[in-house]
Amino acid sequence: MLAQVPRTRWGGIADGHFRPGGYFRVGQRDGVFWLIDPEGGRFLSKGVNTVRFDQDQIQNSERIPYAEACRRKYGGQDAWRRAAAARLASWGFNTLGSWSDEAVASAGPAPLAVTPNLDLGMSFAWDRKQDFPDVFDPEFDAHVRRRARELCGARQGDKSVIGWFIDNEMRWGPDWRGPDDLHALFLKRPTASPGRRTAAAADRETFTAQVAERYFALTAAAIKAADPNHLVLGCRFALVPPPAAIEAAGRHADVVSFNCYEFDPVGAIEAYAAAGKPCLIGEFSFRSADSGLPNTNGAGPKVVTQGERAACFRRYAGAALRKPSLVGYHWFEHADQPVEGRFDGENSNFGTVTIEDDIYDELTRAMTAVNAEAENVHAGAAS
């Protein structure tokens, strides 16, 4: 039985096949990719996003209903942290996903690993009101190096950090934000801008390859210069981008990360596995109509009941674990969104718990069962 297999303090399988290395790293055994935890355990990153007391302020309001409920229930943030950490561990999760309160990681019976999101490239774009960072701007390299030093440098000795997500859901091509590809986006910029000049001299396919190579080369180098101990976890692709972007991610990142809001992740995993690097699903979720939430804003499939929602998790995670390139999956997200909508209007049943912090029993029982068997299932992925 899996329960009899010794585990490291991080939750990895301590079977002696990998040696301790002090920090998380990647490895392969029998054709299957793994993360390897600091104590040498075979590790899959099983995470939940946005584990935080102050999750989701209602748009155009100062109210945070989840925080209000948890303050009534626990009395304060520290007690909530202890409860949340213990609960996540009891469900078999070992990682805090993006946008989480990292104090939760050390508040429970066992440490949780963390995967911070740096917004390395997009912070440059936001400052300049760009929809994609102009990676050809000479200031881009200086910006990402400075931000990496600020965010990663002081934490290079932190063993709880698996690695760094570079960015999240950048606009690599046509998506819900518009029909333009990168070439068309850059051609709309001022004539004197470095990216506009580069786009004018290239065709669509060549230009995407140039953008991707420069983006991943500069951001990965900036992170490694500031922190040589931790992994570069990629940029959390939103939709499968042109092959050139995947290829560039494979050349420079240690892990290719992506978000996949589908019933079945296999097609996406296979597309990203072409990079030759391990893959990590940064977000996935299912929403149910019986939650009482509108579910009118937010990504991903909708089902009718919580039982169906739990079954979708089992099928999705089970299929993902049978792919040899997979090294982790992170559920979006910890608590439901407010019925009135969060900052961007999302109002969906994404939570492991309700906005009153009541557990979704069917879903979390499915998560517990899948998480417990995850390493066994993944070990047979190449057979």
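The values are calculated or read from the model by the stated rules, or taken from the named source; none is laboratory data. As the structure is a prediction and not an experimental result, all values here were calculated from the model. All Cβ positions, glycine included, derive from the backbone under ideal geometry; neighbour counts span all protein chains shown.
Things worth noting here:
- Screening the candidates Ala311, Ala317 for the property of being under 20 Å from the mean Cα position of the chain (by Cα), of a type outside the set (Phe, Trp, Tyr), modelled with pLDDT of 95 or more and not in a loop (DSSP other than H, G, I, E, B) yields one hit, Ala317.
- If you check Ile13, Ile64, Ile58, Ile36 for being farther than 25 Å from Ala310 by Cα, among the aliphatic types (A, V, I, L, M), modelled with pLDDT of 95 or more and touching a Phe, Trp or Tyr at 6+ places or on another chain (Cβ under 7 Å), only one passes: Ile36.
- Only residues that are over 16 Å from the mean Cα position of the chain (by Cα), in a helix (DSSP H, G or I) and within 23 Å of Ser98 (Cβ to Cβ) were counted across region 268-290, and they come to 2.
- Breaking point among (1) outside any loop (DSSP other than H, G, I, E, B); (2) closer than 23 Å to Thr115 by Cα; (3) touching a Gly at 6+ places or on another chain (Cβ under 6 Å), for Glu362: (2)
- Inter-residue pairs, beta-carbon under 9 Å, first of a type in the set (Phe, Trp, Tyr) and in region 131-146, second assigned to a loop (DSSP other than H, G, I, E, B) and modelled with pLDDT of 95 or more, 6+ apart: Phe132/Gly121; Phe132/Met170; Phe132/Arg171; Phe132/Trp172; Phe136/Ser193; Phe140/Gly121; Phe140/Pro133; Phe140/Asp134
- Checking each residue of region 9-27 against the condition of being closer than 18 Å to Val255 by Cα, part of a strand (DSSP E or B) and not basic (Lys, Arg) gives at least one match.
- Every residue from region 115-138 that is crowded, with 24+ Cβ neighbours inside 10 Å and under 18 Å from Pro38 (Cβ atoms): Thr115
- Extreme residue, surrounded by the fewest Cβ atoms within 10 Å (Cβ to Cβ), among residues of region 247-267 that are hydrophobic (A, V, I, L, M, F, W, C) and outside any loop (DSSP other than H, G, I, E, B): Val266
- Of all residues in region 38-73, those that are farther than 28 Å from Ile162 by Cβ and assigned to a helix (DSSP H, G or I) total 6.
- Filter pass, Tyr74 being surrounded by fewer than 21 Cβ atoms within 10 Å (Cβ to Cβ), closer than 16 Å to Glu356 by Cβ and modelled with pLDDT of 95 or more: yes
- Among the residues of region 365-383, the one identified as part of a loop (DSSP other than H, G, I, E, B) and either without any contact (Cβ under 8 Å) to a residue 12 or more places away in the chain or among the polar types (S, T, N, Q) (or both) is Ser383.
- Of the residues making up region 62-112, those that are more than 15 Å from Glu333 (Cα to Cα) and polar (S, T, N, Q) number 3.
- If only residues of region 1-28 that are over 15 Å from Ala374 (Cβ atoms) and free of Cβ contacts under 8 Å to residues at least 24 places away in the same chain are counted, the one that is surrounded by the fewest Cβ atoms within 10 Å (Cβ to Cβ) is Gln4.
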